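Remarks on the structure that follows.
The values are calculated or read from the model by the stated rules, or taken from the named source; none is laboratory data. Remember, predicted model here, so these are calculated numbers, not experimental data. Heads up, the Cβs are rebuilt from the backbone with ideal geometry, glycines too, and the neighbour counts pull from every protein chain shown. These accessible areas exclude ligands, DNA and RNA; they are computed on the full protein's heavy atoms, side chains included. Shrake-Rupley method; radii C 1.70, N 1.55, O 1.52, S 1.80 Å.
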Amino acid sequence: MGASQQIIHELLAEVVKRNPNEPEFHQAVLEVLESLEPVIERHPEFVESGVLRRIIEPERQIMFRVPWVDDDGHVQVNRGFRVQFNSCIGPYKGGLRFHPSVNLGIIKFLGFEQIFKNSLTGLPIGGGKGGSDFNPKGKSEGEVMRFCQSFMSELYRHIGADVDVPAGDIGVGGREIGYLYGQYKKCTGLYTGVLTGKGLTFGGSLVRTEATGYGLVYFIEEMLKANRQNLANKIVVISGSGNVAIYAAEKAGQLGAKVVAMSDSDGYIYDANGIDLDTVKRLKEVERRRIRAYSKYHPTSEFFEGSQGIWSVKCDIALPCATQNEINEESALKMVENGVMAVAEGANMPSTPEAVKVFQSNNVLFAPAKAANAGGVATSALEMSQNGMRCSWTFDEVDSRLQDIMKNIYNQTSRVADEYGCEGNLVTGANIAGFLKVANAMMAQGVV
Ligand code: NDP
Ligand code: 2IT
């Protein structure tokens, strides 16, 4: 084992020992540290100054009780989290996830990845993430509002426009951000851009709703272009049917691709003629129903039980946009067998490490989450700028900035991969490029 491998090995052992029962966090740290091997060889100062040991430890982890009263008058208690991971290049920034599977380890993996993703955007934002094990499914409007109010009654003390700026993630969209914002304002009396993804009438930015999905497709376009390909007439499969999935499908369609399958946690719909996005939007954004209802309105489509099956649908391009570890080795092998040419991650860490190896060793163009889904948080940072300047940019202005940002992220990621001898490996490129900026800032700011 070389010296840098030995260092990585020790750091990982420490992470596993100090953070027991947090497999997703271990997975996220392992991927980044493995990519950093050539960096450690070139820059021993990052080891000597303790940058590596510091970067894997959150600056602050907040856990709190979230009590609320349901429609039957029963008291419910959930757990709230905010992990403020790294504030070296800007205030903590990252979404809130409301899903029954949420625990500290999941929030830590998301917060850790957010550091490097936010760094790649080129904008001044640190890394953080939060959420709750609250399950919004089946809850009434009033229950969601009371939950959000209780959540913010504690969170407000820890956040602020120049401190920590939360946003949406799974289970948190415009509706929840509205309730959270109202309660923040009530608790503090401040009207500041403390959350992003706000409604357009109270400080939200145009394009934020579309940004993650659109950004993902802008990234793919760049990746395909560099390989003398484009999206026209490509068959696309997209997992999930939430915010990221819907707007990835919209932009892919606008650029000439055909989306033939989408899913939720119950199962997936397939339509060889192409999915009708208006129906998906109505079912998901307006009526909050299940994707299985789609086939009632489109007789040429079929619903299949179980969300894993979507990866057996033949396609040119696959966009996992649901959740972590949704593509395992077996699914990846099936996708390769079916001739997939590109995979781009809209969700955070949707491919297991084994699945990533399958794609890379079979020359599938692979766009890792940190780079490919950074358009959402980048546009959040644009919302913060507009709030700071008390102005709003037009749709085209924000969209064109988003396109530039995604282009820059692609160029930066692929250039750094080349510089470190891993041509075409965007996982390594994204991890190294994201890390270098944060590491240099940490060095400059001393041991704090
Ligand atoms: P939404 O809540 O809008 O949608 C999530 C979608 O994924 C739903 O269709 C949901 O189905 C499905 N899903 C969630 N959990 C599971 C699960 N355990 N198994 C199967 N399907 C599941 O969330 P977003 O679209 O905002 O987020 C999707 C992914 O993108 C997440 O990984 C998130 O971290 C990531 N992301 C989001 C950004 C944003 O700006 N919103 C930015 C960057 C990344 P069901 O309704 O049945 O649960
Ligand atoms: O994972 C992510 O980047 C997000 N959920 C968006 C975070 C944000 O602050 O907009």
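Considering the conditions (1) among the charged types (D, E, K, R); (2) within 13 Å of ligand 2 (Cβ to nearest atom); (3) assigned to a strand (DSSP E or B), Glu113 is excluded by exactly one of them, (3). All of Ala381, Ala441 fail the test of being at pLDDT 95 or above, over 23 Å from the mean Cα position of the chain (by Cα) and within 19 Å of Gly111 (Cα to Cα), apart from Ala441.
Take Leu382 and tell me if it is within 16 Å of ligand 1 (Cβ to nearest atom) and not β-branched (Val, Ile, Thr). Here the answer is yes, as Leu382 does meet what is asked.
Going through (1) over 28 Å from Gln403 (Cα atoms); (2) open to solvent by less than 20 Å² (accessible area, probe 1.4 Å); (3) of a type outside the set (Gly, Ala, Ser) one by one, Cys315 falls short only on (1). Scanning region 45-62 for residues that are part of a loop (DSSP other than H, G, I, E, B), open to solvent by 20 Å² or more (accessible area, probe 1.4 Å) and either aromatic (Phe, Trp, Tyr) or more than 21 Å from His158 (Cβ to Cβ) (or both) turns up just one, Ser49.
Looking only at residues of region 164-207 that are open to solvent by 30 Å² or more (accessible area, probe 1.4 Å), of a type in the set (D, E, K, R) and in contact (Cβ under 8 Å) with a residue 12 or more places away in the chain, we find that the one that is nearest to ligand 2 (Cβ to nearest atom) is Asp169. Scanning region 299-311 for residues that are assigned to a loop (DSSP other than H, G, I, E, B) and open to solvent by 40 Å² or more (accessible area, probe 1.4 Å) yields Pro299, Thr300, Ser307.
If I filter region 100-141 down to residues being near ligand 1 (Cβ under 10 Å from one of its atoms) and of a type in the set (Lys, Arg), which single residue comes out as surrounded by the fewest Cβ atoms within 10 Å (Cβ to Cβ)? Going through the qualifying residues, I end up with Lys137. Would you pick out the residues in region 388-415 that are surrounded by 15 or more Cβ atoms within 10 Å (Cβ to Cβ), assigned to a loop (DSSP other than H, G, I, E, B) and of a type in the set (Ser, Thr, Tyr)? Passing the criteria: only Ser392. In a residue-by-residue description of region 156-163, the property of being assigned to a helix (DSSP H, G or I), in contact (Cβ under 8 Å) with a residue 60 or more places away in the chain and more than 30 Å from Arg292 (Cα to Cα) applies to at least one position. For region 320-334, a tally of residues being touching a residue at least 40 places away in the same chain (Cβ under 8 Å), among the aliphatic types (A, V, I, L, M) and either open to solvent by 60 Å² or more (accessible area, probe 1.4 Å) or under 16 Å from Leu277 (Cα atoms) (or both) returns 0.
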